[in-house]
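This report concerns only the one structure given below.
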Amino acid sequence: MKITRIKIGAGSCGIAAGATEVVDYFKKEVRDIPIVEVGCIGHCYAEPLIEVETDKGSVFYEKVLPKKEHLDRILGLKDEGRLAIRSQRSEREKIKVLALAGRIDMTSMDEYLANGGYEGLKKALAMKPADIVEEVKMSGLRGRGGGGFPTGMKWSFLAAKEAKEKILICNADEGDPGAFMDRSLMESVPHQVLEGMLIGALATGATKLFIYCRAEYPLAIRNLKIAIEQIYKHGLNKLNARTVEFRLKEGAGAFVCGEETAMIHSLEGKRGTPRFRPPYPTDSGYHGHPTAINNVETFGNVPLILREGGKAFASVGTQGSKGTKLFALAGDVKYPGLAEVPMGVTIGDIVYEVGGAEKGSVKAVQIGGPSGGCIPADKFDAVVDYDSLKSLGAIMGSGGLIVIGNDRCMVETARYFLEFTARESCGKCTFCRIGTKRMLEKLEKITGGRGTEEDVAFLADLGPKIIKGSLCGLGQTAPNPVISTLRYFRHEYDAHTKDHKCPALQCNQLSDVKIHLDKCIKCGLCIKTCPVHAISKEFVVDNAICTRCNSCIEVCPKKTISRVEKGTGYYGKSGGN
Amino acid sequence: MSTVAASLKKIEPDRSNLIKALQAVQEEEGYISNEAIAEVARHFTVSAVEVEGVVSFYAQFKRVKPGKFKISVCDGTACHIKGASLVTGWISDELGIKGGETDNEGLFSLEIVACLGCCSLAPVISINGKVYGNLDRKGLLKILKDHRKGGAA
Ligand SMILES: Cc1cc2nc3c(=O)[nH]c(=O)nc-3n(C[C@H](O)[C@H](O)[C@H](O)COP(=O)(O)O)c2cc1C
Ligand code: SF4
Ligand code: SF4
Ligand code: FES
Ligand code: FES
């Protein structure tokens with residue numbers, strides 16, 4: 001086998017794992033083989049990840065370090081550190097939208113063009129706008145930003161407007177904390193997203209194309225900027241008779257700005273508060289111009305639809321949900337990363353087959369972030385489909401999928417989400433502003449060990465009221481994490497309120513810390529480490545002083561310190577308070 | 001010319017550029033001072049209260065001067081599940097500062113943020129934009145120590 005090229009994963013998570021140092025080292029040491037930086041191949045757990053292209057196909061190496069030993073191993077195509085993957089982790093995946101992600105140089109337009117890039121746009125340029133809209137309608141594509149609104153229909157509304165100026169916005173705010181599909185796509189194949197936008201502009205007559213990108217994504221912003229320059233240079237923004245203009249705007253860290261009307265306010269330089277609809281943005285949006293907003297992944301699908309045809313696109317998926325869906329898979333799984341699966345696979349397929357979680361080790365997934373709900377392990381045969389997920393009290397969401405292991409507390413998880421939404425509420429609607437705060441207070445009371453059955457009843461009662469009393473999607477979905485954990489994990493709430501126990505031993509006020517002396521070797525590390533000096537010379541933790549910081553648990557070489565049920569740990573003289 | 005004025009010079013005084021202008025100022029100065037608010041208001045001929053309103057709405061804008069090393073602890077869902085609260089506690093114990101604070105020497109400041117997009121490496125933190133993942137207590141303390149050494153030099 002002869003090595004023809006070495007590709008190093010240098011997307012955000014690759015860089016976080018140390019890819020920059022690997023790139024520098026390889027570039028210094030290797031002279032005769034081209035080294036390129038590619039984006040996210042989805043196997044983020046294996047970063048820094050290298051793909052060695054040879055005349056007989058590719059070989060992957062995981063967790064590569066800037067060391068001679070690793071370099072030699074790779075140049076010699078040795079077995080050590082080799083990863084037994086091709087491009088898919090499992091049979092369950094179907095790589096379409098991500099086909100080029102992590103496979104081509106992130107900043108090379110030529111490579112994108114050489115791999116079928118801009119063929120969709122070329123086709124669209126020869127079509128009538130109405131026919132493009134028709135093709136997208138036929139594909140059955142629904143918005144990937146969470147709502148699942150049919151994209152073709154949205155475009156037809158904008159296309160029908162007569163106006164001098166029409167706006168198309170790419171929603172790249174990726175507000176779900178714990179999701180990174182859009183980041184990966186923009187970093188790895190920026191041209192694919194921009195091609196989708198150009199096709200959208202052709203179909204709808206839009207003149208200005210905004211991208212509203214989260215400021216926390218510097219690499220995505222850099223790669224988009226480079227790609228936009230390349231588009232201008234090649235004149236690809238000349239759509240037959242007219243020229244369109246891209247504008248890249250950085251968000252400033254407000255979850256509510258993912259909502260369409262809030263985003264428009266933010267683009268106008270104002271506070272990002274939502275407003276009542278109608279009028280819909282397609283009637284009156286950015287500075288009053290007709291405006292349509294689509295998600296990054298939605299645009300990323302569009303070039304495929306044009307290239308292969310709407311009908312072929314619709315051959316993958318379920319009755320009501322067509323194509324594939326990207327999921328940012330994280331939490332308690334062996335192989336966290338970016339997965340692409342056809343609509344219709346089960347949640348279990350993703351968690352166990354793609355994520356490699358051990359059966360029996362997981363109690364739930366949270367899907368759809370703070371707006372979504374949890375699905376318990378005994379319902380993992382649920383399929384990925386907009387409508388069937390809704391019937392379970394969850395939502396498809398934008399693609400955040402957090403796997404929750406058995407040793408996590410569901411009440412604490414619900415508290416976490418309400419803390420998030422209470423903080424992010426823009427404050428316009430009383431129910432959203434005050435209601436989420438009330439819910440948070442009750443949840444804090446319960447995780448703090450002072451909760452009662454009345455508090456749980458209060459939560460169950462308030463949730464639906466917040467949903468009804470809120471103007472925008474933030475408030476309308478904020479209670480979901482509580483409602484769904486109450487539906488499936490009521491026993492955990494009861495354990496906190498009736499028995500004053502946190503079964504997962506995660507809630508600080510409901511657990512103690514204890515040294516199990518049988519395995520202790522009296523090394524003294526715990527005593528030295530404890531920031532509040534709660535451990536005695538006899539190696540006993542005084543739980544009246546201990547802050548539950550887990551430092552001793554982390555530092556103990558024998559792993560003989562653990563959390564135990566409240567009241568079973570030692571309480572010293574200063575105890576009681 | 002003040003650095004604020006220099007940052008504003010390249011930006012057209014069109015109202016929709018207000019956020020962009022504030023981002024440019026913060027990029028230069030590290031935070032948004034009272035003087036900066038006044039200057040930005042003048043640049044766009046809007047009231048200072050209006051600028052203040054925009055600044056307070058968005059989490060990105062800081063009103064206090066950050067340390068030389070800006071630590072952001074991710075408390076997105078994946079990191080939270082994987083122990084972000086413990087990570088925050090360990091940093092606080094080590095540096096004596098809480099979220100939103102800067103230490104006395106002006107070396108470290110700490111903030112809690114939502115998702116840095118590297119969820120598969122949870123729990124993660126970033127220091128001046130560079131992300132560190134798969135943290136345990138030991139690795140974290142080493143990173144802080146290395147920065148302290150580098151910062152003193
Ligand atoms: C509070 C809130 C936050 C949202 N955040 C996002 C987001 O980060 N990214 C996104 O694409 N859509 C988000 N949405 C949905 C968008 O408002 C909008 O429906 C979507 O961008 C439309 O694009 P699509 O039809 O292609 O999905 C959010 C909605 C709400 C109510
Ligand atoms: S529901 Fe909440 S976030 Fe949405 S507009 Fe009302 S107050 Fe603001
Ligand atoms: S660190 Fe562990 S082994 Fe060492 S003294 Fe403490 S409990 Fe014992
Ligand atoms: S960003 Fe590297 S594989 Fe995901
Ligand atoms: S949840 Fe921490 S990086 Fe995404």
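Some observations on this one:
- Segments classed as strands (runs of 3 or more DSSP E), wholly inside segment A:1-94, with at least 1 members that are away from every other protein chain (no Cβ under 12 Å) and in contact with a Pro (Cβ under 7 Å, 6 or more places away or on another chain): A:3-9
- The lone criterion from (1) hydroxyl-bearing (Ser, Thr, Tyr); (2) in contact with a strand residue (DSSP E or B) (Cβ under 8 Å, 6 or more places away or on another chain); (3) touching a residue at least 40 places away in the same chain (Cβ under 8 Å); (4) under 30 Å from B:CYS74 (Cα atoms) left unmet by A:TYR61 is number (3).
- A:PRO303 vs. criteria away from chain B (no Cβ under 14 Å) and in contact (Cβ under 8 Å) with a residue 24 or more places away in the chain: yes
- Residue among A:GLY373, A:GLY435, A:GLY400, A:GLY368 that is crowded, with 24+ Cβ neighbours inside 10 Å and within 16 Å of ligand 4 (Cβ to nearest atom): A:GLY400
- Qualifying positions in segment B:1-13 - free of Cβ contacts under 8 Å to residues at least 24 places away in the same chain and under 12 Å from B:PHE44 (Cα atoms): B:LYS9, B:GLU12
- Among residues that are modelled with pLDDT of 95 or more, hydrophobic (A, V, I, L, M, F, W, C), more than 17 Å from the chain's Cα centre (by Cα) and not assigned by TED's automatic domain parsing to the domain that holds A:ARG487, A:LEU304 is included.
- The condition of being more than 14 Å from chain A (Cβ to nearest Cβ), more than 13 Å from A:ALA252 (Cα to Cα) and buried (at least 21 other Cβ atoms within 10 Å of the Cβ) holds for only one of B:ALA48, B:ALA36, that being B:ALA36.
- Condition broken by A:ARG222, with the remaining ones in (1) touching a residue at least 24 places away in the same chain (Cβ under 8 Å); (2) farther than 22 Å from A:CYS429 by Cα; (3) within 14 Å of another protein chain (Cβ to nearest Cβ) satisfied: (1)
- Test for A:LEU219: is it in a helix (DSSP H, G or I) and under 26 Å from A:ALA114 (Cα atoms): yes
- Residue within segment A:301-309 that is more than 24 Å from A:MET138 (Cβ to Cβ) and in a loop (DSSP other than H, G, I, E, B) present: no
- Here is the figure for segment B:21-56: residues that are in contact (Cβ under 8 Å) with a residue 12 or more places away in the chain and either within 15 Å of A:LYS270 (Cα to Cα) or in a helix (DSSP H, G or I) (or both) total 22.
- Count - residues of segment B:120-143 that are in contact with a Phe, Trp or Tyr (Cβ under 8 Å, 6 or more places away or on another chain) and outside any strand (DSSP E or B): 8
- Among the residues of segment A:240-255, those that are surrounded by 19 or more Cβ atoms within 10 Å (Cβ to Cβ) and away from chain B (no Cβ under 14 Å) comprise A:VAL244, A:PHE246.
- In this structure, A:GLY344 does not qualify as more than 30 Å from A:CYS170 (Cβ to Cβ) and at pLDDT 95 or above.
- Condition met for A:ALA179 (touching a Leu at 6+ places or on another chain (Cβ under 6 Å), in contact (Cβ under 8 Å) with a residue 40 or more places away in the chain and assigned to a loop (DSSP other than H, G, I, E, B)): no
- Some residue of segment A:47-67 being more than 16 Å from ligand 4 (Cβ to nearest atom) and polar (S, T, N, Q): yes
- All told, B:VAL73 meets the bar of being touching a residue at least 40 places away in the same chain (Cβ under 8 Å) and not small (Gly, Ala, Ser).
The values are calculated or read from the model by the stated rules, or taken from the named source; none is laboratory data. Everything numeric in this text was worked out from a predicted model, so none of it was measured. Heads up, the Cβs are rebuilt from the backbone with ideal geometry, glycines too, and the neighbour counts pull from every protein chain shown.
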